[in-house]
Structures are given as C-alpha cells and as structure tokens.
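Worksheet: the structure to be examined is printed underneath.
What follows draws every value from the coordinates through simple rules; no lab data is involved. Since this is a predicted model, take the numbers as computed values, not measurements. Neighbour counts run over all protein chains shown; Cβ positions are idealised from the backbone, glycine included.
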Amino acid sequence: MTVALLIPVTLNGTSAIVTDPCYYGGSEHMLHEVKDIQHRGSWMLETHREEMGGWGERTVELTVVHSTFSPSDVRTLTHGAGVDSGQMSICGDLDVEAFANPENYGPNGFEPLAHAGKFDYQGACDITLNHPTHSGVLCDVMAVSDTGCGDGVYPVYVWRNAAGMATKISVDFRDPEEDELEEEEEDNDD
C-alpha cells in the first residue's frame, strides 16, 4: 500500500461529516457524523492506494489524522457511509452549510473543470476526476477522494484518545468481507 497524499485540512466545528459530496444539502440520512473531534492542533489528509488486480492502482482509504493522534488511541468501527457518485468526503460540520450542491448544473451542464477550486459538488468532482491521485483538499476544509471501487456503503473507523476526542477518521474502500478474512488469517498465524 502506498500513501498517495499528505495534505493539511481544516475541520471546523465539533463534528466531522463523512459522506459522498452529492449528499450535502438535503440527504441528511446519508450523512455520517463523527462527534467530538479534536480541536487544538492540526489535521492532515492521507489517502492510501494499492494495486487491485486487473483494475490497476486504486484508492483504498481516505483518512484524516490529527496531530495529536497516538497509536494507543482506541479504534472503533462506526456506521458505514454511503456513496452514489464514486467519491467520499470528510468535512467539519461548520463548513457543511456553505457547501453548494446545486439541484441543476446550469446552462452548460456538468462542468467540473469550470468549478475547480469552488466549494461545491462540481469542485469536488474536479479533484476526484482530474487530480492524478483522484483525491485532495477542497478549499482547505474538505478532504475528498474517489472510492476506488465505486458506489456502495463503506465502513468508517474512528480512533479516540483517552479524553474521548476523535483523533483519526478513516473510510475503508476495500471489500469489508475480504478485510475480515485477512484479519482472521492473521489471527490464525499467531
């Protein structure tokens, strides 16, 4: 597995919202909220890529890590996050309302390149479609990447420190059943 990107990202608020960017602005049932995120310090986007058979190299994880993260922080599997546009995002709850998710794309239709750098759905698509690693940070406040394997519901893992604050959030785009089998094999090897 390779780390494709390490980019600073600001998560403003007390919670992080994990979802497909197409759901900001009305599909609240698809938004996955991670409450009590760490405030002091800084966050970093990490994306991980690996070779996936005949598909070539694909994004397998979208992660944000806080500067105070420690390997001793406790990892838990939380609810999955849904994807319908082949991309996932992590954004602070205070910035979600500013994200534009238009009901129509305007007179010229879908134009991600024309929205490069804009805090809207097509701006997110510009990153996931046109960036060499299909991931990045939109307007300093949204970590976004393609999902590598397309649409579905992907597991979200959260690490919390001793004070209960989230210090790492990761979305795993690999097949969860395959991951469980690998973990069982590793346990049997011990």
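Within segment 1-100, list the GluC sites (Glu not before Pro) lying in a DSSP loop whose Cβ has at most 14 other Cβ atoms in a 10 Å radius.
Sparse-neighbourhood loop GluC sites (Glu not before Pro): GLU97.
The string of couplings for segment 86-91 from the Karplus curve (6.51, -1.76, 1.60, θ = phi - 60°) is x, 9, 10, 9, 10, 9 Hz, one whole number per residue in order, with x for Gly and Pro.
Stokes-Einstein D for segment 2-189 at 10 °C, 1.306 mPa s, Kirkwood Rh over Cα pairs, in µm²/s? Answer, rounded: 95 µm²/s.
Between CYS22, ALA116, THR47, the Cα set farthest toward the positive side of the dipole of segment 2-189 (charges on each charged residue's Cβ, about the Cα centre) is that of ALA116.
Net length available on complete extension from THR2 to LEU129 is 43.8 nm, with 0.36 nm assigned per residue and the Cα-Cα distance removed. Computed from label points 7 Å out along Cα-Cβ, the spacing between ASP36 and ALA116 is 4.3 nm.
Other residues whose C-beta falls under 10 angstrom from the C-beta of GLN87 contribute a net charge of -4, scoring Lys and Arg +1 and Asp and Glu -1.
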